[in-house]
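Engineer: Quick one: this structure, given as structure tokens, is what I'll be asking you about.
The values are calculated or read from the model by the stated rules, or taken from the named source; none is laboratory data. A quick note: this is a predicted structure, and the numbers were derived from the prediction, not measured. Here the Cβ positions follow ideal geometry from the backbone for every residue, glycine too, while neighbour counts run over all protein chains shown.
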Amino acid sequence: MPARTKLSFPGQDGSSLAGLLETPDRDPLSTVLFAHCFTCGMDITAASRVSRALVALGHEVLRFDFTGLGSSDGDFANTNFSSNVGDLVAAADYLRAQDRAPSLLIGHSLGGTAVLNAAHQIPECRGVVTIGSPADAKHVSKQFACDIDRINADGQADVMLAGRPFTIKREFLEDISKTGTDHLTHLKPALLVMHSPVDTVVDISQAERIYKAARHPKSFVDLDGADHLLTKAHDAEYVASVVAAWSSRLLDRTDSATRPTVDRGKVLVTERDHSFALDVHSDDHHWISDEPTRVGGRNSGPDPYEQLLAALGTCTAMTLRMYAERKKLALDDVSVTLEHEREHNADCAACEDTPQRIDVITRTVTLTGDLDDATRQRLLEIADKCPVHKTLEGDIDVRTRLA
């Protein structure tokens, strides 16, 4: 079962910060540091749901309350955006001391703006994810725009944010006024920007500003239909699944010096978590194989039978394309759908004494183009001639030996 550990660590000003570290029941794929939105806490629905979903997918996640919020010590009135960034760096320092430095930073709303600013101070960070985040911290002043004159005149003012009173000081306004997007041109980790076009708190134009300012590698995912706080469970789960898939390329990318050497024509399979997750290497490529969560895996890659079906499907499509090109056929597109199942073999000998079942792969080929019936039928015959098809239907002798 996943573990939930309450902990505390010093923030950027020495105040004790309260955090929650959630870990999967196996070796984690990565350590994620999650930053919540402005004036919220680590237990806000979006943070808790995204974190739990990531843990279910094999990642460990630390989320914490910024200084002066939730269960953390300190006075919120004495904090600002820069101190939030400092708290994030302090959280990363704490994790590093535990030999689990974060490789992913995720921030929701203003938390996303904060992780963008903190990333360059966390060298282990491989990827940064923003969810409904403004491009700079100045945007947050819109939440108390009618009080700005009073804050500047009196030095501070009590304002209502999300139905709760908070003291905002002039120093806070001065701090956020210095923020911008220039630092994004120097962002080294890969960036994933996630935003809903119907977000009424932070307009999607803010996501555009972030995306345009950052360098590649960068990606954008539209959270169509989601509200700013991700109050619908399926939206939070979707965010987690996309982050897990997107980050797998970053976390699995190995340097040429550490990538195993595999001779052409061979495949090397090694254990990844001493459970079901496996690393698969060919001479030039690397991918992950796993089992679905329903049978105890992490679903971090296709299972063995999915790879078997993929081998047949890709070989079929390639063979049809080569034939169409050679014969100059008007074949615009090919798609292949495959399914594996086991059926009772009614024609086998001695079936009455020992019931027999055979493996059946159903392959459905869709051909798009100006093709007559005879040509379509010929292409279907060609599909049966793909090399992998011949291998599967031929006599296969698997010889196993000890290394």
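Engineer: Restricting attention to region 1-27, report how many residues are modelled with pLDDT under 85 and either in a strand (DSSP E or B) or farther than 27 Å from residue 78 by Cβ (or both).
Structural biologist: 5
Engineer: Can you say whether residue 191 is of a type outside the set (Asp, Glu), touching a residue at least 12 places away in the same chain (Cβ under 8 Å), assigned to a strand (DSSP E or B) and surrounded by 15 or more Cβ atoms within 10 Å (Cβ to Cβ), as far as the supplied structure shows?
Structural biologist: Criteria met by residue 191.
Engineer: Here's something else I'd like to know. Among the residues of region 200-223 satisfying the criterion of being over 17 Å from the mean Cα position of the chain (by Cα) and closer than 19 Å to residue 46 by Cβ, which is surrounded by the most Cβ atoms within 10 Å (Cβ to Cβ)?
Structural biologist: Within region 200-223, the match that is surrounded by the most Cβ atoms within 10 Å (Cβ to Cβ) is 207.
Quick grid of which residues meet (1) out of contact with any Ser or Thr (no Cβ under 6 Å at 6 or more places or on another chain); (2) under 30 Å from residue 291 (Cβ atoms); (3) without any contact (Cβ under 8 Å) to a residue 60 or more places away in the chain:
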site	(1), (2), (3)
6	yes, no, yes
13	yes, no, no
32	yes, yes, no
35	yes, no, no
47	yes, yes, no
50	yes, yes, no
57	yes, yes, no
60	no, yes, yes
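Engineer: For region 310-335, give me each residue that is under 17 Å from residue 392 (Cα atoms), buried (at least 18 other Cβ atoms within 10 Å of the Cβ) and free of Cβ contacts under 8 Å to residues at least 60 places away in the same chain.
Structural biologist: Matches in region 310-335: 313 only.
Engineer: Pull up region 204-248, narrow it to residues that are within 17 Å of residue 104 (Cβ to Cβ) and polar (S, T, N, Q), then point me to the one that is modelled with the lowest pLDDT.
Structural biologist: Within region 204-248, the match that is modelled with the lowest pLDDT is 248.
Engineer: Among 278, 268, 229, which is the only one that is surrounded by fewer than 17 Cβ atoms within 10 Å (Cβ to Cβ) and either free of Cβ contacts under 8 Å to residues at least 24 places away in the same chain or under 25 Å from the mean Cα position of the chain (by Cα) (or both)?
Structural biologist: The match here is 268.
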